[in-house]
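Contents: one structure, followed by commentary.
Just so it is clear, none of the values below were taken in a lab; they were calculated from the coordinates. Worth saying up front: this structure is predicted, and the values here are computed from it rather than measured. Every residue, glycine among them, receives a Cβ derived from its backbone with ideal geometry; neighbour counts consider all protein chains shown.
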Amino acid sequence: MMAAKRTPTAPQRLIERLPPVRGRLSENAPLAQLTWLRVGGPAEVMFRPADVEDLAQFLARKPKDVKVTVIGVASNLLIRDGGVKGVVVRLGRGFVEIKSEGEEIAAGAGALDLNVALSACAAGIAGLEFLSGIPGTIGGGLRMNAGAYGAEFKDVLVAAAALDAKGKRRELTAAEMELSYRHCGVAEDWVFVSARFKGKRDEAQAIGARMAAIQAQREESQPIRARTGGSTFANPPGHKAWELIDKAGCRGLKLGGAQVSPKHANFLINTGEASAADVENLGEEVRRRVLEKSGVSLEWEIRRIGVAPAPEAAP
């Protein structure tokens with residue numbers, strides 16, 4: 001008697017391997033419209049945790065081989081056209097609370113930098129005005145020690161809380177985070193959930209005036225109404241990235257639907273129909289021309305994640 005043939009089973013989908021959550025899990029979730037550049041492929045699975053405890057339990061229970069990538073408002077992020085494998089965690093309403101006490105401001109990692117600056121202003125806490133010029137979230141700012149207008153996160157940070165890869169809560173002082181120019185020494189697989197900042201007392205009106213000056217300066221010098229990912233390259237030691245790009249003749253340079261901003265040479269913009277590959281390839285061409293012209297190698301400040309799509313087979 002012949003043995004019956006076994007029917008091959010379909011591989012288990014990632015979403016079926018994940019633990020139950022109180023937040024929301026979604027499969028093949030579009031990401032492009034969440035990013036400021038409006039490019040990129042989908043997340044294999046998107047997880048929007050309900051709160052810190054929901055995220056902690058997910059990290060503790062998920063299979064060890066499942067990669068987790070955290071995004072905020074994706075203002076300084078390039079997602080490649082092939083999308084992001086594993087789980088993309090987006091911190092939402094459970095991570096946006098902002099509180100003030102004395103000269104300190106406590107904020108969730110999902111809180112917008114601008115909202116933290118506004119809360120500090122309302123509470124009469126000075127020193128955090130620069131946050132109004134950074135179009136991102138607190139979590140992203142901690143991860144890259146974001147800065148603008150002469151100040152950085154490390155200048156005002158007291159402490160931060162993070163979940164490690166197993167979901168255990170960790171409290172970190174600013175010194176323990178090893179912050180330097182656009183760098184954070186905390187393990188990449190730790191997820192920031194909140195932070196505390198310290199300023200100094202001042203009149204709300206004076207703080208507000210300084211924030212208004214920052215906004216006016218941004219509008220005058222940056223393409224803030226274009227589809228952009230913010231500053232593209234970090235400033236090399238002793239140089240300004242935009243000046244090097246200018247000297248290399250790259251202002252206004254185009255590739256597909258991507259362009260070096262005519263207004264600020266350290267911004268790449270999506271003119272309407274760019275792919276993520278257009279943006280990344282244009283950035284690499286800028287790096288090549290700057291290196292050829294000045295001998296300086298520019299480093300990406302925009303975070304690039306995901307995979308390029310597989311090339312189409314020839315007919």
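Considering the options SER221, PHE95, MET177, tell which one lies farthest towards the positive end of the dipole of the chain, charges being +1 on Lys and Arg and -1 on Asp and Glu at the Cβ, about the Cα centre.
PHE95
Which aspartates and glutamates, if any, have their Cα less than 20 Å from the Cα of LYS247, not counting same-chain residues under 8 positions apart?
Candidates past the 8-residue exclusion: GLU284, GLU285, GLU292, GLU299, GLU301.
Would you please give the residues with an amide H less than 5 Å from that of ARG227, counting only those at least 5 places away or on a separate chain, with H modeled from the backbone geometry?
Placed amide hydrogens put ASN270 under 5 Å from ARG227.
For LYS154, give me every one of the lysines with a C-alpha distance below 22 angstrom, ignoring sequence neighbours fewer than eight places off in its own chain.
Output for LYS154: LYS99, LYS198, LYS200, LYS240.
Could you compute the FRET efficiency for ASN281 and LYS247, with r as their C-beta to C-beta distance and R0 at 22 Å, rounded to 0.05?
0.55
Just how large is the dipole of the chain about the Cα centre, in debye to the nearest 20, putting +1 at every Lys and Arg Cβ and -1 at every Asp and Glu Cβ?
840 debye
What distance in nm separates the two pseudo spin-label positions at ASP155 and ASP202, each 7 Å out from Cα along the beta-carbon direction?
1.0 nm
In this model, which of LYS263/LYS293; LYS62/LYS85; LYS62/LYS166 are farther than 19 Å apart at the alpha-carbon?
Over 19 Å apart, Cα to Cα: LYS263/LYS293.
List the residues, sorted by chain then number, that are 5 or more residues from VAL89 or on another chain and whose placed amide H is less than 5 Å from its amide H.
When sequence neighbours closer than 5 places are left aside, the close amide H contacts are PHE47, THR69, VAL70, ILE71.
Got a sec to turn the phi values of the stretch 292-297 into Karplus ³J(HN,Hα) couplings, 6.51 cos²θ - 1.76 cosθ + 1.60 with θ = phi - 60°, whole Hz, x for Gly and Pro?
Result, rounded to whole Hz: 5, 7, 10, x, 9, 9.
Would you list ARG13, ARG170 from fewest to most Cβ contacts within 10 Å?
By the 10 Å Cβ count, ascending, the order reads ARG13, ARG170.
Mind checking the full-extension length gain between GLU176 and GLU273? Use 0.36 nm per residue of separation minus the Cα-Cα distance, one decimal, nm.
On the way: separation 97, 0.36 × 97 = 34.92 nm, distance 4.30 nm.
Gain in length upon complete extension: 30.6 nm.
Consider a paramagnetic label point 7 Å from the Cα of ALA187 along Cα→Cβ; state which residues of the stretch 126-170 have an amide N under 14 Å from it.
162-170
To make sure I understand the rule: partners must be aspartates and glutamates, Cα under 14 Å from the Cα of LYS67, and not fewer than 8 residues away in the same chain. Which ones qualify?
GLU44, ASP164, GLU188, ASP189
Of the listed values [x] -0.44, -1.05; [y] -0.51, -1.14; [z] -0.39, -1.03, grab the one calculated as log10 I(q)/I(0) by the Debye sum over Cα atoms at q = 0.09, 0.14 Å⁻¹ from the structure here.
Read-out from the structure maps to [y].
Within a 10 angstrom radius of the beta carbon, how do LYS166, LYS263 rank from fewest other beta carbons to most?
Lowest to highest Cβ neighbour count: LYS166, LYS263.
Give the residues of the stretch 190-225 whose amide nitrogen is closer than 15 Å to a point set 7 Å from the Cα of GLU97 in the direction of its Cβ.
Only 193-196 pass the distance filter.
What are the principal axis extents of the Cα atoms in the stretch 174-315, in Å, biggest first?
67, 37, 32
Suppose R0 equals 45 Å. What FRET efficiency, 1/(1 + (r/R0)^6) with r the Cβ-Cβ distance, do ARG304 and LYS168 give to the nearest 0.05?
Efficiency at R0 = 45 Å is approximately 0.95.
Tell me, what HN-Hα J-couplings in whole Hz come from the Karplus equation 6.51 cos²θ - 1.76 cosθ + 1.60 at θ = phi - 60° for each residue of the stretch 36-48, using x for Gly and Pro?
Values, residue by residue: 5, 7, 6, 9, x, x, x, 8, 4, 9, 9, 10, 10 Hz.
Just going by the charge dipole of the chain, with Lys and Arg at +1 and Asp and Glu at -1 on Cβ, which of GLN33, CYS250, ALA122 is farthest out on the positive end?
GLN33
Using 0.36 nm per residue of separation minus the Cα-Cα distance, give me the extension gain between GLN33 and HIS239 in nm, one decimal.
Net length gain for the segment: 70.8 nm.
From the backbone phi of the stretch 229-239, what are the Karplus-calculated ³J(HN,Hα) couplings (6.51 cos²θ - 1.76 cosθ + 1.60, θ = phi - 60°) in whole Hz, Gly and Pro given as x?
In residue order, the calculated couplings are x, x, 4, 7, 10, 6, 6, x, x, x, 9 Hz.
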